[in-house]
Amino acid sequence: MSVRLDKLDLSKHVIILTGATDGIGKDMARILAGFNPKRLVLPARNKEKGNNLLEYIKSSNGHANNVEIWEMDLADLQSVKNFANKFINEVGELHVLIHNAGIAVQNQIIKTKDNLELQFQVNHLAPFLLTSLLLDTIKKSVSTELPGKIALTSSEANQFGEIDFDNLNLEKGNYWNPIKAYGNTKLMNVIVAKELGRLVQDDNITTYSLHPGVIQTNIGHLNYTISNVLFNIFVSILGLKISSEQGAMNTLYPIFPLENKETGKYYNLGIEHEPNKVAYDQEIAKKLWDVSEQILKDHKMI
């Protein structure tokens, strides 16, 4: 079933969307730009890709006057902190924060410059840091009439995930099971959205975690080619793949229109769905939150 968005007026909304240079993020950026946001800030790790994204938006709908490409690399915690500080100082208001960037790694452990496993940092810890640094700005910017939105693009792979506090950083090498390792971080997304929703329920902010569908994107660009080929054959046989544009719509549809829905919910293909039952464990949620904060404190990020 095709999901459609109503015509939106985002002229009062400042929006940050990560992961916009590829895949569904690229179409999300194009769609959001068409709704005339006050400012649409698109962080990009690669400057050339950022410029290409801007040209894509201009050529697609012409609504690029309020679109800005800013530098940020989720695999570098200091880069995330620099982005947040610059944003607070130069923009100072934020209504919608969409964490769409993500990465999947197979058959190898890749460490970031922060000495953290790449998936753990890019998919969980860096978005957690960015949210933490910008949360006060969001709280000050929103109101009953202009509610805030914080969303994390998760995956149905969360159903295979687990939270192992002795191996959060995947240092024990469960990288041999790529769905499991990736699923762990996608479960973290669901848990963070739920716990954050609980913490900001009285602040005119609604949180979401979302599975857009199976789409051919650049998420696994670090993986061996044969793994990607086999994956694409598998999902094609099952008829699971959808277009990038449909994935973008599936992601945006629960977030908009602008009235707040019940917070902390998980959506699959734009429809409310039950995540991994671990996501409902309040004790695990609080511990994940506290441990994540402690890692960031140890890295002198918060």
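Just so you know, all these numbers are worked out from the coordinates, no wet-lab data involved. Owing to the predicted nature of the structure, the values given are computational and were not obtained by experimental measurement. With ideal geometry, Cβ positions are generated from the backbone for all residues, glycine too; neighbour counts draw on all protein chains shown.
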Calculated Rg and Dmax of the stretch 1-70 using C-alpha coordinates, Å: 11.5, 36
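Quick check: from the Cα gyration tensor, does the chain come out rounded (a/c under 1.5), prolate or oblate?
Values: a/c = 1.32, a/b = 1.15, b/c = 1.15.
It comes out rounded by the Cα gyration axes.
Within a Cβ distance under 14 Å of residue 283, other residues only, what is the Lys/Arg minus Asp/Glu net charge?
Values: positive: 194, 198, 277, 286, 287; negative: 195, 281, 290.
After counting each charged neighbour, the total is +2.
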Label-point separation in nm, residue 70 to residue 86, each point 7 Å along Cα→Cβ: 0.8 nm
The stretch 14-298: relative contact order as a whole-number percent, Cα under 8 Å and 6+ apart: 18 percent
Dipole of the chain [Lys/Arg +1, Asp/Glu -1 at C-beta], most positive-end residue of 65, 284, 106: 65
Largest-first principal axis extents of the Cα set of the stretch 49-198 (Å): 46, 37, 28
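With +1 on each Lys and Arg Cβ and -1 on each Asp and Glu Cβ, how big is the dipole of the chain about its Cα centre, in debye rounded to the nearest 20? Write out the running numbers ahead of the final one.
Working: 31 positive and 34 negative charges, 94 e Å.
The dipole magnitude comes to about 460 debye.
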For the stretch 14-298, share of DSSP beta bridges that run antiparallel, in % to the nearest 5: 10 percent
Which of 146, 125, 31, positive extreme of dipole for the chain (C-beta unit charges): 31
Difference of contour (0.36 nm per residue) and Cα-Cα distance, residue 7 to residue 261: 89.6 nm
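Starting from the Cα-Cα distance between residue 113 and residue 281, subtract it from 0.36 nm times their residue separation and give me the gain in nm to one decimal. Walk me through the numbers on the way to the answer.
Details: separation 168, 0.36 × 168 = 60.48 nm, distance 3.21 nm.
This chain segment gains 57.3 nm when fully extended.
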Net charge contributed by nearby residues that have their C-beta within less than 10 Å of residue 301 (K/R +1, D/E -1): 0
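Per 0.36 nm of contour for each residue apart, how much would the distance between residue 299 and residue 199 grow if the chain were fully extended, relative to their Cα-Cα spacing?
Working: separation 100, 0.36 × 100 = 36.00 nm, distance 2.40 nm.
Full extension of this stretch gives 33.6 nm more.
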When each of 111/186; 111/241; 172/265; 139/287 is checked by Cα-Cα distance, pairs over 28 Å: 111/241; 172/265
23 Å Cα-Cα reach of residue 58 towards lysines, excluding residues that sit fewer than 8 places from it in its own chain: 7, 12, 26, 38, 47, 49
